[in-house]
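Visitor: Here's a structure for you.
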Amino acid sequence: MSADPTQSRTISVVIVDDHQVLTDALAVILRSQPDLRVVDVAATCAAARDLLSRTCPDVLLLDVSLPDGDGLSLVPDVNRMCSEAHILVLTSHSDEKTLMRAVETGVTGFVMKNRPLSEVISAIRSAAEGEIVMPASQLMGLLGRAQQTRARPPAERGSASLTSREQEILTYLARVQGVGADGPPGTPSVFEGAEDPWSVPAGRAGGLLIRAKCAPHFRRILWQLDPRSPLLANYAHGSCPAGKYYCRITPDGDVTPCPYMPVSAGNLRQAGFAELWERGQVFADLREPRLGGRCGACEFQLICGGCRCRAYATFGDYLAEDPACAYEPGRYGGEVLRLPAEQTFGLEARLTLPWEPAARARLDAIPAFARGMVVQAVEAYARSQGQATITPALMAEVRSRWGINPERPFTPRTG
């Protein structure tokens, strides 16, 4: 989180970029901020070295492409001459190779030239506080590399492993979000052991369960690592429950699929909730989606389904492809992949075998959205064991075998 500009110290900034119109406009905007001071501007590597020999800014805005060389070649010189300066790469290059090379040099972060000026200003303030600044798309690239590295045999990982700088960035971002927080006295932090929390088997790191929120495309990576992973437990209509198993009601009475999608099915002042929930167009679209783009052709559309809110924010269409996912459909044959019943929430709870009253009582205690999954798993297991009636003892066997807990059916078993 960036500092409050009304209470922070003045942040000195040097801009190194050869686009004069951009640097002039940027300097004017930055100077209008009470907590920012533009010291000077340089248009070449040579001019930047000369300038930095005379002054050390708090933040150095650095372009990658300069007339007399690669801007990243300045990073070692900056670290040597101005060790306290935080380097923020201001670039139009979004290719992973360039950005990962910048990460390895030790820059504080990136900000793309096509982003609003408010984001550039916020990034400068964050960098001055020592915070790592990285767009979500680049962060997801790092996480993807971590998962791909883990999926390879140890002998084949080699240069594919995360660099120390990449590990530092991921660990920093986890720490500021509270991951690996201190436990009881004597409990080691997940980041302090020999285990690498970014490439251990998905879903577990030193006893810490890891689950992505609003990032369903990571479920594809989970499936690639372990198709039977308990973390893949999913809703029957795709991994995101928005508009299917929950919704949002705003203080004004609008009913929307989730807090991140400002698409209203209607207002409770004009219609009852049941009518909106059952007949709202946006809910109908999300429950039986005809996805577009790569999501519509993807083998993982039932396991993942993409983030509908991110699609709406990017394309104005909540059924469009999820722009955060880099997967190209077809690598797994093109047929839609489906999870088994014991990994699927939201199935209708149809009883096809007799259930003893005590077993039925245990079933009724399970959340409704998971009940169908439990019924199918328990009855399938009963048939495989030659059992004609579901008993509490049989349910306990299923719980032990598949890790289905009647009180917490979607919690992975331990051990």
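Visitor: Just the residues that are on the phi > 0 side of the Ramachandran plot and at pLDDT below 75, please, taken from segment 330-387.
Guide: GLY346
Visitor: Taking helices (runs of 4 or more DSSP H) that fall entirely within segment 280-346, which contain at least 1 residues that are closer than 22 Å to ALA265 by Cα and free of Cβ contacts under 8 Å to residues at least 24 places away in the same chain? First the steps, then the outcome.
Guide: Working: elements: 281-287, 293-297, 308-315.
Counting at least 1 such residues, we get 281-287, 308-315.
Visitor: Additional query: Yes or no: ASP35 of a type outside the set (A, V, I, L, M, F, W, C), closer than 17 Å to SER12 by Cβ and touching a residue at least 60 places away in the same chain (Cβ under 8 Å)?
Guide: Working: of a type outside the set (A, V, I, L, M, F, W, C): yes; closer than 17 Å to SER12 by Cβ: yes; touching a residue at least 60 places away in the same chain (Cβ under 8 Å): yes.
For ASP35, the condition - of a type outside the set (A, V, I, L, M, F, W, C), closer than 17 Å to SER12 by Cβ and touching a residue at least 60 places away in the same chain (Cβ under 8 Å) - is met.
Results for (1) in contact with a Leu (Cβ under 6 Å, 6 or more places away or on another chain); (2) at pLDDT 90 or above; (3) part of a loop (DSSP other than H, G, I, E, B), shown as yes or no for each residue.
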site: ILE221; (1), (2), (3): no, no, no
site: GLN224; (1), (2), (3): no, no, no
site: ARG228; (1), (2), (3): no, no, yes
site: CYS240; (1), (2), (3): no, no, yes
site: ASP252; (1), (2), (3): no, yes, yes
site: VAL255; (1), (2), (3): yes, yes, no
site: VAL263; (1), (2), (3): no, yes, yes
site: ALA271; (1), (2), (3): no, yes, yes
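Visitor: State which residue is modelled with the highest pLDDT when the search covers only segment 91-100 and only residues that are open to solvent by 10 Å² or more (accessible area, probe 1.4 Å) and out of contact with any helix residue (DSSP H, G or I) (no Cβ under 6 Å at 6 or more places or on another chain).
Guide: SER92
The values are calculated or read from the model by the stated rules, or taken from the named source; none is laboratory data. In this text the structure is predicted, and so the values were computed from the model without any measurement. All Cβ positions, even for glycine, are placed from backbone atoms using ideal geometry, and neighbour counts span all protein chains on display. The protein model used for the area step is the full one, side chains on, heavy atoms only, and it has no ligands, DNA or RNA in it. Shrake-Rupley method; radii C 1.70, N 1.55, O 1.52, S 1.80 Å.
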